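Reading through the structure tokens given below for one structure.
The values are calculated or read from the model by the stated rules, or taken from the named source; none is laboratory data. Just so it is clear, the structure is predicted and the values come from calculations on it, not from any experiment. Cβ placement follows ideal geometry from the backbone for every residue including glycine, while neighbour counts extend to all protein chains displayed. The protein model used for the area step is the full one, side chains on, heavy atoms only, and it has no ligands, DNA or RNA in it. Shrake-Rupley method; radii C 1.70, N 1.55, O 1.52, S 1.80 Å.
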Amino acid sequence: MEYLQDLLKQLSAMSLSDYLDIAIVAYIIYRVIRMIRSTTTMRIAGVVVAMLVVAWCTQLWDLHTLSFLLNQVLAVGMLSLVILFQPELRRMMDHLGSVSIKQLIRPEKKLAEMELIIAQTAMACEVMSREKIGALIVFARNQRLEEYFKTGTVIDGKVSEQLIRNIFFPKAALHDGAMIIRDGTIAAAGCVLPLSESHRLSADLGTRHRAGVGMSEASDAVVVIVSEETGTISVAVGGMLKRHLAPQTLERLLRQELCKDDQKDQEQSPLIRLKQMLTHKEEKHDEK
């Protein structure tokens, strides 16, 4: 009870700037956690956290020799991490800088745009699957994938069924590479992706499928593959390949992977909740 009284006393003493400070820090932590969810960065973060915990335990238990060694490793190790993982850190800073006020205020618009993009992609894949036209479509999420733009051609075009099919038309100049969709647009096409070296993949899978799986291993992207030989539609996420998908299943899977975070942001947004409360009050007032 005394602890609760102290807590209430501290809360009552807090000013508006204190609440704003806490909200900003919590939002930054939330965004950083979302950005490091990929397999590679999570392993790095896990190693760093484990070393910090061990260093803290050595100081707590007065293990002076081990504490000295760990401090030296941490001093050099942090610098090594910055050098070795400079691309990942650069992408993280780039992603932080790309968050606009419009995205924070109107997350429902972003969700509606993504649903339209998914529908257009599913329709294009259905036609290409039927006509056995190979395709490799990458949906960038938190990681920006700008390093892959240099291997292809920048498009910056609106996502539509016709444009997707034209890019992957067998006689088109960019049909052999990958298309990258980012921020609601076809950012680039004809891009070269890293090939997976996983031994779990079936021997009958070609370069297109291995590139799709390799991209999903190296980033948090969602990759759609249409086989040129069989017309089979597949999706690679987190190094896992889901094959033989129907167009309806593809659309549902893309919604699950690409819209879940936007839907969650929309549900958690204070502005959206305030809008829903005001709408609910207006409806009750009209009923009276």
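Let's see how each residue does on (1) among the aliphatic types (A, V, I, L, M); (2) in contact with a Cys (Cβ under 8 Å, 6 or more places away or on another chain); (3) open to solvent by 10 Å² or more (accessible area, probe 1.4 Å); (4) in a strand (DSSP E or B):
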residue	(1), (2), (3), (4)
Ile118	yes, yes, no, no
Ala124	yes, no, no, no
Val127	yes, no, yes, no
Arg144	no, no, yes, no
Leu174	yes, no, yes, no
Ile180	yes, yes, no, yes
Gly190	no, no, yes, yes
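Return a yes/no flag: does segment 147-168 have any residue that is closer than 16 Å to Ser227 by Cβ and either touching a residue at least 60 places away in the same chain (Cβ under 8 Å) or among the aromatic types (Phe, Trp, Tyr) (or both).
Yes: segment 147-168 contains one or more residues that are closer than 16 Å to Ser227 by Cβ and either touching a residue at least 60 places away in the same chain (Cβ under 8 Å) or among the aromatic types (Phe, Trp, Tyr) (or both).
For Val99, are the conditions met, namely being open to solvent by less than 70 Å² (accessible area, probe 1.4 Å) and at pLDDT below 65?
When the stated conditions are applied, Val99 passes them.
Of all the residues that make up segment 148-162, how many are under 19 Å from the mean Cα position of the chain (by Cα), farther than 17 Å from Gly212 by Cβ and not in a loop (DSSP other than H, G, I, E, B)?
Counting residues in segment 148-162 that are under 19 Å from the mean Cα position of the chain (by Cα), farther than 17 Å from Gly212 by Cβ and not in a loop (DSSP other than H, G, I, E, B) gives 1.
Matching residues to (1) more than 30 Å from Ala178 (Cβ to Cβ); (2) modelled with pLDDT of 50 or more; (3) within 16 Å of the chain's Cα centre (by Cα):
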| residue | (1), (2), (3) |
| --- | --- |
| Gly231 | no, yes, no |
| Gly238 | no, yes, yes |
| Leu254 | no, yes, yes |
| Asp261 | no, yes, yes |
| Glu267 | yes, no, no |
| Glu287 | yes, no, no |
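Residues in segment 20-67 that are open to solvent by 80 Å² or more (accessible area, probe 1.4 Å), modelled with pLDDT under 75 and not in a helix (DSSP H, G or I): how many?
Final tally of qualifying residues: 1.
Every residue, every condition in (1) surrounded by fewer than 18 Cβ atoms within 10 Å (Cβ to Cβ); (2) of a type outside the set (Lys, Arg); (3) more than 20 Å from Phe168 (Cβ to Cβ), yes or no:
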| site | (1), (2), (3) |
| --- | --- |
| Ile186 | no, yes, no |
| Glu197 | yes, yes, yes |
| Arg208 | no, no, no |
| Ala211 | no, yes, no |
| Ala221 | no, yes, no |
| Val235 | no, yes, no |
| Ala246 | yes, yes, no |
